[in-house]
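Below is one structure; the comments refer to it alone.
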Amino acid sequence: MFAGALFSVLAIAPVPPGTLTVDAYFDDWYEQPVIALDRTVRGSIAGPDDLVGRIQIAQQGEGVFFALQIRDETFQQGTVSNGDGAEIVFKGPAGTARVQVVLNELEGRPAEVRVGGRVLKTAQIASTTRKDGWAVELSVPMSVFPGLRDGEVGLAVTVRDSDHDPTAMEAVLATGPLGADGLPEMPNFRLDAALGVYGLYQSERGSTFAELSSTKGNVAGDENAEEVVVNDTDVVVAGRGLPDGATFLYFTHGWRSGATIQRLDLQELDGRPGKEILVERLEHTPDVDVEILEVYGVHQGLLKRMFAQKLAERFPTRGAEVRSRFKVLPPKGKGPSRFEVTVAKATNITDFDYPPEPPGPRSYQPIPLPWQNAHNLFYGLEVDAWRRPGGR
């Protein structure tokens, strides 16, 4: 697959451990996108075959892997600043980085990875000359690139060409536009552990569900962000690195058909690694509109509904409403948060004309009505659900 230069945002998913080996053999890169080295940022090349680059990038475990296969009419052994060479330039929310690839002799003396002029001992590199150029495969710890996991970042690979005089740089080509500081001008790259996983969920479920809302964040408590999708059937957490090797977890919510999402966000609520999912929906019937808030979380390897509360009912034809408010109370220390649900405010409706809660089981707590409750309700976490003290 050809990705072109890094003008738009290129998203990559981590590959399974053991997929890539740093050995300067490139057969294991066949599934990774190819990025063109097609932007001249300094000097000029002599012709279309003077310098042609094939760049690939991947994430495996805690390393970022790079494969550089370069066609070059004349190879000049390099140093940090002279001869042929390459550099990986990075600009993220937490800082910048420059990783130099010093080509040396490649065969007798392998290439080196340097940061700040010093050999990066935690990197791996393998290199080789070819009849039409040179090739390098390397891995660099993710920690070299500050903020790499935090979203879209700027990442580019540059290649320096010195055909005739090793002390004279003739051209520098890059995979994307660079600023005056030699760093990427714009965000163009992101790691996405959830890339393509929601499609796997749909394939296994055997259906394409109507998506109502989605967001991303760390729900499972691992180092990666997951994709959270709410559709008309399930609440889905999709991503690599979920408990027990799963790629997605889902909970079938059982909502009324036609429900719409008013709120979907992620908050740390239970005091354990990973955020909880807050979903507030609106359900319509001919006589009443109902607002219900639910909290979901990953606990003991499962996605669970941990709290559900009806917050409001509106009766449009009567201009009437009952409405309570949901509050997250701050935890004591590093423990779980508590919830408060206020006694509902009633407008144009009383206990005499308020329709009773339908009979039968329900997944949510009913609205605390003013003619039934004198005080607000409080809920605390008990194992995997928020409950009122004593189970009331």
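The values are calculated or read from the model by the stated rules, or taken from the named source; none is laboratory data. Since we're looking at a predicted model, the values are computed, not measured. Ideal geometry is used to build each Cβ from the backbone, glycine not excepted, and the neighbour counts take in all protein chains shown. Side chains are part of the model used for accessible areas, which takes the heavy atoms of the whole protein and leaves out ligands, DNA and RNA. Shrake-Rupley method; radii C 1.70, N 1.55, O 1.52, S 1.80 Å.
Of the DSSP beta bridges with both residues in the chain, give the percent that are antiparallel, rounding to the nearest 5.
Percentage antiparallel, nearest 5: 95.
Looking at the range 103-191, what % of the alpha carbon pairs are farther apart than 19 Å?
54
Once every DSSP H run of n ≥ 4 in the chain is given -39500 (n - 2.57) and the sum is divided by its residues, what mean residue ellipticity at 222 nm do you get, rounded to the nearest 500 deg cm²/dmol?
-500 deg cm²/dmol
Report, to the nearest whole %, how much of the accessible area of the range 274-362 belongs to carbon and sulfur atoms, 1.4 Å probe, protein only.
Summing carbon and sulfur atoms, their accessible area is 55 percent of the total for the range 274-362.
Taking the structure as given and computing percent of Cα pairs over 33 Å apart, which label from (1) 32; (2) 48; (3) 37 fits?
So the structure-derived entry is (2).
Please give the peptides 247-254, 50-57 ranked by average Cβ packing (other Cβ atoms within 10 Å per residue), highest first, as a rough proxy for protection.
Output ranking for 247-254, 50-57: 50-57, 247-254.
Counting only protein heavy atoms and using a 1.4 Å probe, what share of the accessible area of the range 165-230 belongs to carbon plus sulfur, as a whole percent?
Reported share for carbon and sulfur atoms: 49 percent.
With every protein chain kept in place and ligands, DNA and RNA left out, what is the accessible area per residue of the range 31-72? Probe 1.4 Å, answer in Å².
The answer is 41 Å² per residue.
Could you report the range 233-343's accessible area per residue, 1.4 Å probe, as an integer in Å²?
That works out to 43 Å² per residue.
With a 10 Å cut-off between alpha carbons and a GNM built on the chain, which of 74, 350, 215 moves the most?
Comparing 74, 350, 215 in the GNM, the peak value goes to 350.
By how many nm would the segment from residue 384 to residue 13 grow when fully extended, if each residue of separation counts as 0.36 nm and the alpha-carbon distance is taken off?
Difference between extended and current length: 130.5 nm.
How much of the accessible area of the range 14-160, in percent, comes from carbon and sulfur atoms when a 1.4 Å probe is used?
Carbon-and-sulfur percentage of accessible area, whole number: 46.
In Å², and per residue, what accessible area does the range 117-188 have when probed at 1.4 Å with the other protein chains present?
Accessible area per residue: 43 Å².
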